[in-house]
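Everything on this sheet refers to the single structure shown next.
The values are calculated or read from the model by the stated rules, or taken from the named source; none is laboratory data. Please read these numbers as outputs of a predicted model, since none were measured by experiment. Cβ placement follows ideal geometry from the backbone for every residue including glycine, while neighbour counts extend to all protein chains displayed.
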């Protein structure tokens, strides 16, 4: 997409989002493939060999429930770390948590008393 906009060396991070359980399972193969792409690899190099990845939660919870989503994120992090180490890339994970509490950028604990009131 950046290339279509005429950006050869974009000064931004290209950050993939893996959110559904299916996406999380496929993420290591996709990231390994992206590291094979010469343009993407050159971009990662210009970004200090650092790749940011967002691992979502909202759609994963809708897919398979809370436990499946969390387990899938855990497994994806482990597999993506293995891929990144093999490719000499530092991976930085951002855990998207979704939902109205996170969209409001407020800590969940500040809402807990509201949930337990009778």
Being within 15 Å of residue 90 (Cα to Cα) and either within 16 Å of the chain's Cα centre (by Cα) or free of Cβ contacts under 8 Å to residues at least 24 places away in the same chain (or both), is that true of even one residue in the stretch 53-60? yes
Which condition number does residue 54 fail, the rest of (1) crowded, with 17+ Cβ neighbours inside 10 Å; (2) under 11 Å from residue 24 (Cα atoms) being met? (1)
Counted residues in the stretch 26-74 being in contact with a helix residue (DSSP H, G or I) (Cβ under 7 Å, 6 or more places away or on another chain) and assigned to a helix (DSSP H, G or I) come to 17
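Working only within the stretch 1-25, note down all residues that are within 23 Å of residue 72 (Cβ to Cβ) and in a loop (DSSP other than H, G, I, E, B). Talk me through it step by step, then tell me what you get.
Within the stretch 1-25, the first condition is being within 23 Å of residue 72 (Cβ to Cβ), and the residues that meet it are 14-25.
Correct list: 14, 15, 16, 19, 20.
Looking for whichever is modelled with pLDDT under 90, exposed (fewer than 15 other Cβ atoms within 10 Å of the Cβ) and touching a helix residue (DSSP H, G or I) at 6+ places or on another chain (Cβ under 7 Å) here; the options are 116, 106, 8, 14. Which one fits?
Working: 116 fails: touching a helix residue (DSSP H, G or I) at 6+ places or on another chain (Cβ under 7 Å); 106 fails: touching a helix residue (DSSP H, G or I) at 6+ places or on another chain (Cβ under 7 Å); 8 fails: touching a helix residue (DSSP H, G or I) at 6+ places or on another chain (Cβ under 7 Å).
Exactly one residue qualifies, and that residue is 14.
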